[in-house]
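Below is one structure; the comments refer to it alone.
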Amino acid sequence: MELIELRPNEPQEMALAGEISPCKLPNGLGCLYTLADGRILHLGESVARSVADLQLKPGETFRVCLHQKGSGLPYWSVWLSPETERARAAAEAPDLAEQLSASLELVGRRRRSAETAVPARGFLAATGTDGAAAVPAASSKPAIAAVSGSRCRSEGPIPYNVAFREIVGLVARELAAAGEQWSDQARQDAVSTLFIAAGKAGWLGLWEREAA
């Protein structure tokens, strides 16, 4: 079996072999991991704890890197690969889709309740004088349109490109409003999660082409 050599500042991606737990070495010498490709990985105790915190499942990939900057002290980092991040987001998407659907349904119920309290088109309401004024009809704009903007259709799915622009804008606005400064990767993961959730909820339709 080949022991992986981890060179400074060169991240390496790998996956653990099935359900095999690491072999803990005596005298605080760290742990040995068997990888999916048959190689062996040795990590110190503190780095091994970071790997355990990832809660890896069979087939999930992660990355390990030994950082060295000039004459400074070296340090380790471990993190999930982008593919594993996306797979986990997709697995969590049904729960997120249910939450989003429930929120929109609540908004819709409130809108319908408000509409029933508004007089129908042509009803004459008192104006405080001897005359009367026509009360405008209640708006029929759906709840999702109020959330997504005027481009959202009153019926049917939202085109993929329209939904993508709205989700990207939503993430950017909410992060700015919260005073958060996420990394580009974290922003991409948030957009991917919302986009996958929208697709699984059946809200996305065909690509909408721009007029020539």
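For the stretch 12-80, the residue among L73, I40, F62 whose Cα projects farthest onto the positive side of the dipole built from Cβ charges is L73.
Tell me the label-point distance for the pair L6, A90, using the 7 Å Cα-to-Cβ offset, in nm and rounded to one decimal. A separation of 2.8 nm, rounded to one decimal place. Taking Cβ atoms as reference points and 13 Å as the exclusive limit, the residues near L66 contribute a net charge of +1, counting Lys and Arg as +1 and Asp and Glu as -1.
With a cut-off of 11 Å between beta carbons, the residues surrounding S81 carry a summed charge of -1, where Lys and Arg count +1 and Asp and Glu -1. Restricting the calculation to Cα atoms, the stretch 12-80 yields a radius of gyration followed by a Dmax of 12.4, 39 Å.
Amide H contacts for G30 (H built 1.01 Å from N in the peptide plane; partners 5 or more residues away or on another chain; cut-off under 5 Å): L25, E45.
Bear in mind that the values in this text are calculations on the coordinates, not laboratory data. Computed from a prediction, not measured in an experiment: that's the story for all the values here. FYI the Cβ positions are ideal-geometry reconstructions off the backbone, even for glycines, and counts take in every protein chain you see.
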